[in-house]
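Every read-out reported here was derived from the displayed coordinates using simple, explicitly stated rules and does not represent laboratory data. Here the structure is a predicted model, which is why all the values come from computation and not from measurement. Glycine also receives a Cβ, built like all others from the backbone with ideal geometry; neighbour counts cover every protein chain displayed.
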Amino acid sequence: MTSLFSFLKTKGDSGNKNLVMPVLPSEIYKAATLELQDIIAPSALQITPRSLNLGDKIARTFFVISYPRYLSDNWFSPIINLDKVFDISIFVHPIETAEILKSFQKKVAEVQSQISIRESKGLVRDPMLDTAYKDLESLRDNLMQAQEKMFDVGLYITVYAENDNDLFKIENEIKSLLESKLIYLKPALFQQNEGFKSVIPLGTDLLSIHQKLNTEPLSSIFPFVSFDLTEDKGILYGVNRHNSSLILFDRFSLPNYNSITFATAGAGKSYATKLEIIRTLMFDAEVIVIDPEREYEYLAEAVGGRYFNIALSSDHHINPFDLPIPTGEETNADVLRSNIINLVGLFRIMLGGLTPEEDSIIDTAITETYALKDITADSDFRNIEPPLLSDFEVVLSGMDGSESLMQRLTKYTRGSWSSFLNQPSNVDINRKFIVFSVRDMEDELKPVAMYIVTHYIWNSIRKNIKKRLLVVDEAWWMMKSEDTASFLYSIAKRGRKYYLGLATITQDVGDFMKSPYGIPIVTNSSIQLLLKQSPATIDVLQKTFNLTDEEKYLLLEANVGEGIFFAGLKHVAIKTIASYTEDQIITSDPSQILAIKKAKEDLLTSNQK
């Protein structure tokens, strides 16, 4: 009786192929000792000519016996990335160049002799002999010039399964993948013991079944073909589906801090975004969200943030005429000029477009409205009372050619929409996590609301530089208007200066990419996350992101939370994973939300009793 570890050390070379049992529990009890090998050893070990029985597992070892003339790069990748349980060992034994050159000289002479004999007999030349001669001569030249080296290479694979049927299926799958590349495997018949020892991490090549390979084809065997996106700092975005490594990344370490997420409805884009938010908040960063669907309210409540509901009936108001305090190299004149330009863009959205003449009238009216409150380039913006939309209406009414503008403006100043815009600002974003929801805003006013909220956030960000992340969910609302799309693009370009990362999220890829600012926003985003896509939009994304056909089908067939993660020049297949606590906070699944609400109600009822 012996343990598996003891068997590997003592019994493996004795030729004993019988059933070997580990130490019985009764014997361990009597000896009063329990060693590591007793814990990790299987319940039993049996060696047969074709496999090993390791407890309730069956293992079979194979070796490569033949390679084709050419080996393409990454040919081993499909095997490495198989979703099966197996171990691989690659043994590389260098061969002295002088020694191999001697055998080469003999081999070249043999091939040359065969060619000469065929020529003397008047036979048609043999293309295989000619090719072999050229390959040998070329390789001999490279060896003599020290451009190549020769190696004895042993490639062994041990596969594991629950039963013989599963083992047979895995064996056929691996063989099919390799034989399609003209690489052939054989099982280590009557050498399963040596094969198993050669594959486990002991560094012993007991099989010693080698093929001679020079440097170039040997390098193609290198198995780690999937990019790793693991850094020393950052947050966990997910798991690399190809090699199960963690995707740890810091967006603030890239040339710009922006990201963009494309996905169909229900593919997990908001889930992945909330996961990033909750982890970003742990690293001394502030997060601001523009939420069109009221998906972030519970998250704001859970982390102690603030939630503002922007709607016609809401108590929260933002005055678009507010002015930021100049910072850095900016002057009062720069800030005032920039704000006037942004307000012209806002009125263009509100009033359904402006003619060149109306554009000029609006520009002049805004300047005079500020002047009415004694706000000029020489004013101290910290001690001013900004005008309201009704003040602008008064100024506009006294200008020639403003009749049409006045008719369209009335609904915002005295009509049903006056409660939204014609009020002083009363929101404070002095928290680590802020959410502005526009779900209850009428669809016609959503682009206006998102423009005003984004503009207000941008002005607040410029007042005080901190590490911040601005999340714009369902950004296609902003891409519907050229002015809102242009403003979003300007934030993407200028955000880095204020330590701001912009996270743009959308499910309507078509509308987003049709905008003249769609592609520029994508190119100004160092991080891109593509989750499950629909067949209608996949071709656009494939062209935009230069996806291969394999990556295209990966996105079409992806499950919830699966996709491709781009960071700089690298990209990997990702799966977002949350802990149980994180999942309870960020889930958007209606069934889970109802279950959480019911649990809360039951807890409240029990406490009252």
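Averaging sequence separations of C-alpha pairs under 8 Å and six or more residues apart, then dividing by the length of the chain, give the relative contact order as a whole percent. It would help to have the intermediate numbers written out before the result.
Numbers: 969 pairs, mean separation 96.5, N = 609.
Once normalised by length, the contact order is 16 percent.
In terms of its alpha-carbon gyration tensor, segment 48-219 comes out prolate; a/c meets the 1.5 threshold, and the first ratio a/b outweighs b/c. Our coupling estimate for segment 189-204, obtained by passing each phi through the Karplus curve with A = 6.51, B = -1.76, C = 1.60 and θ = phi - 60°, is 4, 6, 10, 5, 4, 5, x, 4, 5, 6, 8, 5, x, 10, x, 10 Hz, Gly and Pro reported as x. Would you mind computing, in nm to one decimal, how far apart the modelled labels at residue 397 and residue 581 are, each placed 7 Å from Cα along Cα→Cβ? The answer from the label model is 5.9 nm. Annotation: amide H of residue 150 within the under-5 Å range of 95, sequence separation 5 or more or interchain, hydrogens built in the peptide plane. Compared with the dominant principal axis of the Cα atoms in the chain, helix 535-545 is inclined by about 80°. Residues 144, 478, 399, 513 in ascending order of nearby Cβ atoms (within 10 Å, fewest first): 144, 399, 513, 478. By definition, a body whose alpha carbon gyration tensor gives a ≥ b ≥ c is oblate when a/c is 1.5 or more and a/b is not larger than b/c, and segment 362-426 fits this oblate description.
Quick check: the distance between the Cα centres of segment 384-451 and segment 254-329, to the nearest angstrom? First find each Cα centre; the distance between them is then 21 Å.
Once you sort the root eigenvalues of the Cα gyration tensor of segment 161-320 as a ≥ b ≥ c, which label holds: rounded (a/c under 1.5), prolate (a/b larger than b/c) or oblate (the other case)?
Details: a/c = 3.41, a/b = 2.80, b/c = 1.22.
Verdict is prolate for segment 161-320.
To the nearest ten degrees, helix 356-372 and the longest principal axis of the Cα atoms of the chain are 70 degrees apart.
Taking the number of Cβ atoms within 10 Å of each Cβ as an exposure proxy, the fewest-first ranking of 134, 274 is 134, 274.
What's the exposure ranking of 580, 298, going from fewest to most Cβ atoms within 10 Å?
Values: 580 6, 298 19.
Listed from fewest to most nearby Cβ atoms, that is 580, 298.
Look at where the Cα atoms of segment 468-505 and of segment 49-117 average out, and the two centres are 54 Å apart. Once the Cα atoms are used to define both axes, helix 97-120 deviates from the longest principal axis of the chain by about 70 degrees. This structure gives log10 I(q)/I(0) by the Debye sum over Cα atoms at q = 0.05, 0.11, 0.12, 0.13 Å⁻¹, computed directly, and of (i) -0.40, -1.09, -1.21, -1.32; (ii) -0.21, -1.13, -1.38, -1.64; (iii) -0.24, -1.19, -1.37, -1.52 that value is listed as (i). Evaluated with a Cβ-only charge set (Lys, Arg +1; Asp, Glu -1), the chain carries a dipole of roughly 1960 debye about its Cα centre, given to the nearest 20.
Multiplying the residue separation of residue 92 and residue 465 by 0.36 nm and removing their Cα-Cα distance gives an extension gain of 128.8 nm. Sequence-distant contacts, meaning Cα pairs under 8 Å at least 6 residues apart, place the relative contact order of segment 407-552 at 17 percent. Each residue of segment 462-470 was assigned a 3J(HN,Hα) from its phi angle through the Karplus curve 6.51 cos²θ - 1.76 cosθ + 1.60 (θ = phi - 60°); the sequence is 6, 5, 9, 7, 9, 6, 9, 10, 9 Hz, with glycine and proline shown as x. With a cut-off of 13 Å between beta carbons, the residues surrounding residue 64 carry a summed charge of +2, where Lys and Arg count +1 and Asp and Glu -1. In sequence order, segment 57-65 has phi-based couplings of 10, 10, 10, 9, 9, 10, 9, 7, 10 Hz under the Karplus curve 6.51 cos²θ - 1.76 cosθ + 1.60, θ = phi - 60°, and Gly or Pro positions carry x. Residues whose amide H comes within less than 5 Å of that of residue 470, counting only those at least five positions distant or on another chain, are 288, 501, 502, 503 (H built at 1.01 Å from N in the peptide plane).
The modelled label-to-label distance for the pair residue 523/residue 407, using points 7 Å beyond Cα in the direction of Cβ, is 4.3 nm.
Mean residue ellipticity at 222 nm, helices only, the chain: -12500 deg cm²/dmol; runs of at least 4 DSSP H residues each add -39,500 (n - 2.57), and the sum is divided by the number of residues. Using C-alpha pairs below 8 Å separated by at least 6 residues, the relative contact order for segment 435-497 is 35 percent.
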